[in-house]
Amino acid sequence: MKNLLTLLAIFMFCTLYKAQQTEISVLKYEDLEKKIQSEKNKFLVVNFWATTCAPCVKELPHFMEINNQYAGNSKFKMILVSLDRLVDKERVLKFIKNKNLTAEVVLLDDIKRMNIWIPRFEKKWDGNIPVTIFYKNGEKVYFNDGEMSKEDLGKTITENLQ
């Protein structure tokens, strides 16, 4: 029994350790667009946020709880798109570790062209964050402008994930 508990503790530690990113991909808009299209066989939740945005940070625990709930579902994926500056990459990595973010995090380093890529994601998006876009079969199915509650996030996923 003692050996079983030890093995279980080691397994849980390794799982937690593996779940956190130790590196972060830096993407331009076109790379992010390709990444989204490459996941078209999944229900995809794409959240745009920044470490300096209080509503973004406030909603992240809800996103992680939902992400962990669907972790075993091969038809689900969550991507957190950090809009922090490239010079703040190390701060973002520390944030990922400190907040135990288990979803994939990418850094969108394309601030100079934001007036081009923001309307390509959503014409109604005025550039504020947080923003969450949901994709099913590679097509946008829902756009949420502003902070999202755990209930609304869960409901949107449940309604679209089959």
message: Rounding to the nearest 10 and keeping the result within 0 to 90°, find how far the Cα-based axis of helix 2-19 lies from the longest principal axis of the chain.
response: 10 degrees
message: For the chain, what does the helix formula give at 222 nm: sum of -39500 (n - 2.57) over DSSP H segments with n ≥ 4, over the residue count, nearest 500 deg cm²/dmol?
response: -14000 deg cm²/dmol
Region 92-162 versus region 53-82: alpha-carbon centroid distance in Å: 9 Å
task: Classify region 115-162 as rounded, prolate or oblate from the Cα gyration tensor: take a ≥ b ≥ c as the square roots of its eigenvalues, call it rounded if a/c is under 1.5, otherwise prolate when a/b beats b/c and oblate if not.
output: oblate
field: Spherically averaged projected area of the chain from its Cα convex hull (nm²)
entry: 10.4 nm²
- prompt: To the nearest 10 square angstrom, how much accessible area does residue 26 have with a 1.4 angstrom probe?
  reply: 60 Å²
- prompt: With every protein chain left in place, what is the accessible area of residue 109 in Å² (1.4 Å probe, nearest 10)?
  reply: 40 Å²
query: What is the local net charge at residue 53, summed over the other residues whose Cβ is closer than 14 Å to its Cβ (Lys, Arg +1; Asp, Glu -1)?
result: -1
message: At 1.4 Å probe size, with the rest of the protein present, what percent of the exposed accessible area of the chain is carbon and sulfur atoms?
response: 56 percent
- prompt: For a paramagnetic label modelled at 7 Å from the Cα of residue 75 toward its Cβ, which residues of region 23-67 fall within the zone defined by backbone nitrogen distances under 12 Å?
  reply: 41-44
message: Pairs of alpha-carbon atoms within less than 8 angstrom and 6+ residues apart define the contacts here; what relative contact order does region 78-152 have, in percent?
response: 23 percent
message: Quick check: the angle from helix 150-160's long axis to the longest principal axis of the chain, C-alpha only, nearest 10 degrees?
response: 80 degrees
Gyration tensor (alpha-carbon) shape descriptor, region 73-139, a/c threshold 1.5: oblate
statement: With no solvent term and unit scatterers on the alpha-carbon positions of region 17-113, Debye gives log₁₀ I(q)/I(0) at q = 0.10, 0.11 Å⁻¹ of -0.25, -0.30
task: State, as an integer percentage, the relative contact order of the chain based on alpha-carbon contacts under 8 Å between residues 6 or more apart.
output: 32 percent
statement: Taking only protein heavy atoms and a 1.4 Å probe, the highest-to-lowest accessible-area order of 110, 31 is 31, 110
- line: Net charge near residue 90 (other residues with Cβ under 13 Å of its Cβ; Lys, Arg +1; Asp, Glu -1) is +2
- prompt: Considering only protein heavy atoms, what per residue accessible area in square angstrom results for the chain with a 1.4 angstrom probe?
  reply: 59 Å²
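The values are calculated or read from the model by the stated rules, or taken from the named source; none is laboratory data. Keep in mind it's a predicted model, so treat the numbers as computed, not measured. All Cβ positions, even for glycine, are placed from backbone atoms using ideal geometry, and neighbour counts span all protein chains on display. Side chains are part of the model used for accessible areas, which takes the heavy atoms of the whole protein and leaves out ligands, DNA and RNA. Shrake-Rupley method; radii C 1.70, N 1.55, O 1.52, S 1.80 Å.
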